[in-house]
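Structure, as structure tokens:
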Amino acid sequence: MRPYHTSLSDSYSFFHSFQNKIKNNTQLRLRQHQQAGKQIEMSDKDSETQLRRLIDSIKASDASIWCRKHLKMTLMSTDDSQEEEHYTLFFQVLLNLLSHSANILPALDKHPVSTGKELLPFVETFIMELLNVTKDSILEVKKILTFGSEVLKASQVVLDAVTSLCKAYCNNVKLDYYVTSEKDDVKHIINITKCAVENLVNLGIFAANAGGDLVTVLNLSWKGVITLLQLYKEPLAANMNISEIILSLILLAKGSLSCAGKTWSKLMEPVSMSEAKRIFIPVKFYLINAARIISHYPSQAFSSFKDITLCILIILSFQIFLSEKEFLKYASEALTELLEPTSLHLLNSLLNSAQLEHNHKCQILDWLFSDIPISNFVPKDGKSIHEILFLACDPMHGSKTLLLGQLSLFVNLLRSGPDLEDDVTLEIAKKLNWFLDIIIEENVYSSILAFPVPLLHNSGHQNMFSSVIHALKTFMLIGSSTSIWGEIESFLLENFFHPHHLCWEIVMELWCFLIRHAESDMGNDIIVKLCTLLKTTVSWESVLNSNSVVRKLAKSICMILKNGSHSLADRVFNLINSNLSELSSAMYIALLMEGFPLDFLSNKVRSVAKQRLVTDYFCFLEAFDDESSRKVGDGMFGAPVFALSAALHSLQVSVSDTEMKTIKLLISMIHKYDNTSDNAKDRYLELLSETLGIISSIKHLYISDEMGKLILVLQHIFISKSAELTKCKPNLAAFVAGLGDLEFEETDNNSTVSASWELFHMLLQERHWALAHLAITAFGYFSARTSCKELWRFVPENAALSFDLDSGKDANEERFMSEFKVFLDKEAANVETSPGENEVALLMKEGLILKQMVVKMITDTMKVDETTILDKKRKFPDGISEGVSLLQNGLRVIANGITLWKQNRLDYADINGEFLTHFSHLEDAVEHMAASIE
């Protein structure tokens with residue numbers, strides 16, 4: 001037998017006598033004390049006497065030290081009969097110690113700490129050693145076989161009793177001046193409470209990592225920590241590292257999520273809602289407790305704000321990752337329900353704190369919405385980043401990995417504006433431009449268009465784009481009557497012409513929202529100013545350029561009008577058409593080409609608009625062949641054609657065309673284009689395209705006898721000059737789609753049908769994705785309506801849809817028909833589907849191209865601005881340049897006079913030395929002036 005066991009027997013004999021002493025001298029008095037406390041209030045003298053007797057019974061705190069020392073030794077012992085006896089004996093002693101200590105602690109609650117100061121060290125040592133042996137007992141509870149459950153229960157009673165004792169001490173002693181106080185009782189309370197918090201934190205961390213076997217200890221320990229931290233704010237803030245406690249909870253939350261993410265990323269079967277909640281409920285528990293501590297200790301939490309906010313970003317990034325996987329949709333919904341509100345509460349605990357200065361809150365927001373280096377997420381233990389971020393990301397993305405999480409957080413902050421302080425909402429408003437900047441990133445662009453996000457309270461899913469728009473509108477409403485409106489207004493004005501189409505659509509959606517809900521006077525004022533701006537920038541060249549500022553401005557005005565009242569549309573129409581000048585016509589056509597809402601006009605104004613469109617168009621038809629009246633050089637030549645073509649897309653205008661003047665016009669334009677010098681070709685080309693659009697919108701023209709002739713003319717010009725007419729092909733596709741209403745005689749001798757085949761062949765051979773889409777759409781429309789039986793004649797062997805998508809080679813007819821069927825099925829389908837991997841990849845590619853275009857546009861603009869600034873600096877008014885020139889001439893005259901004086905040998909000394917000095921300085925000054933205006 002090892003010597004240890006002999007010492008164990010001897011020690012147990014000692015402790016047995018100690019235990020008997022406790023039982024004989026204390027237990028009876030303790031019961032009497034508790035009963036008496038319920039009946040009468042003892043005098044101070046009796047209370048002190050009772051306390052002394054209690055202290056006498058616990059002075060032998062060596063028992064706790066002894067138990068702690070021998071606990072691990074006992075668990076290491078072997079299973080012979082003697083050791084089994086000692087094993088049972090030891091844990092019986094441990095249970096008795098814990099039980100009797102738990103009975104003594106409530107008695108201490110009744111005694112003010114100020115009494116018996118000489119006894120304080122004994123009480124302090126007793127409680128600290130008791131906490132230590134209790135902690136060690138719980139840490140080793142899995143190794144304790146027979147007595148494990150009993151030891152666990154007794155330990156929890158002790159922990160609860162210590163927490164209650166600290167609460168009682170807090171109520172008995174005022175701690176307002178703890179910083180300067182040297183009182184023994186204050187130090188005594190702080191030391192005990194600090195020890196209790198430290199042990200409870202350690203137990204809370206241990207229970208969290210125990211895999212669910214110590215749930216009661218987990219709840220008890222963290223509940224005790226929160227309780228004591230709330231009671232002893234200032235003392236513990238000065239004596240403990242509170243941020244470490246917060247970080248412990250954050251690490252527990254991240255650890256649970258990391259395990260879940262690592263497991264789920266390898267699954268290919270759905271995760272149930274119950275399983276997801278089982279994972280997320282403990283995480284919510286950790287975050288809630290962290291938020292409670294932060295709300296009471298914001299200054300201490302600020303030192304760790306990066307770790308806290310990174311945890312929030314990880315949670316929101318994880319949410320996006322889960323929502324992108326169909327088999328993880330329930331996990332995404334569970335996270336949205338349990339963790340999203342909690343993580344926001346965690347952040348709001350910092351942002352809404354009155355103890356944090358404004359610059360601290362700005363620092364937090366600046367950090368959150370900046371380019372966060374990926375190295376911040378690599379833990380010190382060197383684990384894979386995937387275990388921390390849970391995202392199967394391309395490492396090439398680097399710091400962009402969390403952009404979606406940052407976007408999600410920003411959207412949530414926009415929505416939670418009413419819960420935030422005014423200074424915080426102001427800082428958020430200043431970051432609206434950051435929000436547009438990250439939308440340009442290709443992975444954000446693709447996700448915002450492709451993926452849905454779950455809504456709270458299991459209310460389904462919402463497109464991410466819609467979620468963003470809704471949050472921005474909410475923020476606008478919040479800021480409409482506050483000081484942040486100036487920032488919102490500046491944001492809307494600065495981005496009115498944003499070069500990225502998605503950012504522009506978001507900004508315009510906000511403008512439309514503003515018009516819908518603003519006062520009518522405000523809406524009228526905005527529209528009048530926009531029309532004035534349109535008037536100052538419009539020109540015929542800008543009207544025909546779809547990317548010009550004029551067209552963008554016209555498009556914005558039309559979008560706003562579609563969201564405004566009928567009176568607003570009338571006002572714009574009357575404002576634009578108040579005179580018949582060339583400038584007004586150009587403005588009107590620009591608006592029509594961008595979809596001016598003619599249907600929004602009141603009946604009277606709409607009738608006037610229709611009549612003007614038709615009248616101007618027929619006047620142009622009558623005068624087109626008149627060489628004297630046609631002025632190709634005129635900036636507004638063909639304006640009625642552009643106007644009617646644009647109007648037909650948004651309004652069914654009744655056009656009387658019994659003489660088929662439109663078809664004749666188109667044939668005449670083709671001849672003019674074919675026979676005109678290069679200087680005028682572009683104008684005829686534009687009119688040709690618009691006239692094709694008019695015919696495709698007037699279906700009864702297709703049954704005309706002139707249609708066959710037109711098809712032949714179109715076939716000749718487009719086949720012979722295909723490259724020159726690329727800009728006309730979109731409207732040509734719309735035209736050939738309408739050929740389905742014609743009755744074709746399908747023979748090789750029919751020149752009209754042969755010409756139709758060739759037109760379709762040309763369009764279906766187009767490899768540009770946009771033209772290919774338009775061509776196959778036109779062919780689908782035609783196929784659904786034509787009476788032709790031999791549709792294969794309309795399809796060339798080298799149709800774009802016939803080629804293998806991966807290699808771009810190996811075209812065959814079967815592939816065309818297969819892909820054509822897929823295309824038609826997609827066009828006919830009216831269901832919401834999740835985006836496929838190919839679609840997301842294409843969106844990312846598109847997003848990258850758009851980003852590069854925007855960056856180039858901004859760079860080019862900056863270069864132009866710098867050049868303009870330099871030019872402005874160098875360009876002085878003519879009067880200044882002329883005056884400097886006169887000064888130079890005057891100085892030359894003076895210099896010549898001085899030289900002549902010397903040459904004539906006149907007394908040079910007569911010339912005042914001060915005069916020569918002034919002249920020299922004047923020469924230098926004028927020389928510098930001349931150099932600065934060159």
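The values are calculated or read from the model by the stated rules, or taken from the named source; none is laboratory data. Just so you know, these numbers come straight off a predicted model, no measurement behind them. No Cβ is skipped: glycine too gets one built from the backbone with ideal geometry, and neighbour counts run over all protein chains shown.
Every listed requirement among (1) assigned by TED's automatic domain parsing to the domain that holds Ser542; (2) out of contact with any Phe, Trp or Tyr (no Cβ under 8 Å at 6 or more places or on another chain); (3) modelled with pLDDT of 85 or more is met by Ile719 save one, (1).
Here is a check on your reading of the model: is Ser656 polar (S, T, N, Q), farther than 24 Å from Ala680 by Cα, within 44 Å of the chain's Cα centre (by Cα) and modelled with pLDDT under 85? Spell out how you get there, then give the answer.
Details: polar (S, T, N, Q): yes; farther than 24 Å from Ala680 by Cα: yes; within 44 Å of the chain's Cα centre (by Cα): no; modelled with pLDDT under 85: yes.
Here the answer is no, as Ser656 does not meet what is asked.
Please find, among Lys672, Lys681, the residue that is among the charged types (D, E, K, R), part of a helix (DSSP H, G or I) and either farther than 26 Å from Trp540 by Cα or modelled with pLDDT of 80 or more (or both). Give the steps one after another, and end with the answer.
Details: Lys681 fails: either farther than 26 Å from Trp540 by Cα or modelled with pLDDT of 80 or more (or both).
Going through Lys672, Lys681 in turn, just one is among the charged types (D, E, K, R), part of a helix (DSSP H, G or I) and either farther than 26 Å from Trp540 by Cα or modelled with pLDDT of 80 or more (or both): Lys672.
Taken together, the residues in the stretch 300-352 that are among the hydrophobic types (A, V, I, L, M, F, W, C) and touching a Lys or Arg at 6+ places or on another chain (Cβ under 8 Å) amount to 8. Being more than 30 Å from Asp422 (Cβ to Cβ) and not hydrophobic (A, V, I, L, M, F, W, C) is a description that applies to Thr536. Of all residues in the stretch 481-523, exactly one satisfies the criterion of being buried (at least 18 other Cβ atoms within 10 Å of the Cβ) and over 26 Å from the mean Cα position of the chain (by Cα), namely Gly523. Out of all the residues in the stretch 121-149, which are assigned to a loop (DSSP other than H, G, I, E, B) and either at pLDDT 85 or above or over 49 Å from the mean Cα position of the chain (by Cα) (or both)? Selection gives Ile144, Leu145, Thr146, Phe147.
Return the total of residues in the stretch 284-298 being free of Cβ contacts under 8 Å to residues at least 60 places away in the same chain and surrounded by fewer than 24 Cβ atoms within 10 Å (Cβ to Cβ).
5
Taking (1) of a type in the set (A, V, I, L, M, F, W, C); (2) under 30 Å from Ser607 (Cβ atoms); (3) surrounded by fewer than 17 Cβ atoms within 10 Å (Cβ to Cβ) in turn, Leu687 satisfies each apart from (3). Go through the stretch 548-561 and give me each residue that's within 28 Å of the chain's Cα centre (by Cα) and either in a loop (DSSP other than H, G, I, E, B) or not aliphatic (A, V, I, L, M) (or both). Lys552, Lys555, Ser556 - these are the residues of the stretch 548-561 that are within 28 Å of the chain's Cα centre (by Cα) and either in a loop (DSSP other than H, G, I, E, B) or not aliphatic (A, V, I, L, M) (or both).
Quick check on Lys709: is it outside the structural domain of Ser754 (by TED's automatic domain parsing) and either acidic (Asp, Glu) or surrounded by 14 or more Cβ atoms within 10 Å (Cβ to Cβ) (or both)? For Lys709, the condition - outside the structural domain of Ser754 (by TED's automatic domain parsing) and either acidic (Asp, Glu) or surrounded by 14 or more Cβ atoms within 10 Å (Cβ to Cβ) (or both) - is not met. Based on this model, can you work out whether Ser565 counts as more than 17 Å from Ala643 (Cβ to Cβ) and at pLDDT below 90? Judged against the criteria, Ser565 is a match.
Each residue in the stretch 221-245 was checked for being under 15 Å from Tyr286 (Cβ atoms) and surrounded by fewer than 21 Cβ atoms within 10 Å (Cβ to Cβ), and 3 pass.
Condition check for Val605 on (1) touching an Asp or Glu at 6+ places or on another chain (Cβ under 6 Å); (2) not in a helix (DSSP H, G or I): one failure, at (2). For the stretch 755-775, the candidate set comprises residues that are surrounded by 17 or more Cβ atoms within 10 Å (Cβ to Cβ) and among the small types (Gly, Ala, Ser); within that set, the residue that is farthest from the chain's Cα centre (by Cα) is Ala755.
So in the stretch 433-463, with the set limited to residues that are at pLDDT below 85 and assigned to a loop (DSSP other than H, G, I, E, B), which one is farthest from Lys277 (Cα to Cα)? Can you show your working first?
Keep residues of the stretch 433-463 that are at pLDDT below 85, which gives 450-463.
Still in the list and also assigned to a loop (DSSP other than H, G, I, E, B): 451, 455, 459-460.
On the way: Phe451: 23, Leu455: 16, Ser459: 17, Gly460: 17 Å.
Checking each candidate, the answer is Phe451.
Quick grid of which residues meet (1) of a type outside the set (S, T, N, Q); (2) over 18 Å from Trp434 (Cβ atoms); (3) at pLDDT below 90; (4) not assigned by TED's automatic domain parsing to the domain that holds Leu685:
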site: Ser480; (1), (2), (3), (4): no, yes, yes, yes
site: Leu493; (1), (2), (3), (4): yes, no, no, yes
site: Val507; (1), (2), (3), (4): yes, no, no, yes
site: Ile515; (1), (2), (3), (4): yes, yes, no, yes
site: Leu530; (1), (2), (3), (4): yes, yes, no, yes
site: Leu553; (1), (2), (3), (4): yes, yes, no, yes
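Based on what the data block shows, is Ile246 part of a helix (DSSP H, G or I) and over 25 Å from Lys187 (Cα atoms)?
When the stated conditions are applied, Ile246 does not pass them.
Determine, yes or no, whether Ile205 is closer than 23 Å to Leu108 by Cβ and surrounded by 18 or more Cβ atoms within 10 Å (Cβ to Cβ).
On the way: closer than 23 Å to Leu108 by Cβ: no; surrounded by 18 or more Cβ atoms within 10 Å (Cβ to Cβ): yes.
So Ile205 does not fit the description; no.
Filter the stretch 721-777 down to the residues that are over 18 Å from Ile695 (Cβ atoms), assigned to a helix (DSSP H, G or I) and among the hydroxyl-bearing types (Ser, Thr, Tyr) and list them by number. Selection gives Thr726, Ser751, Ser754.
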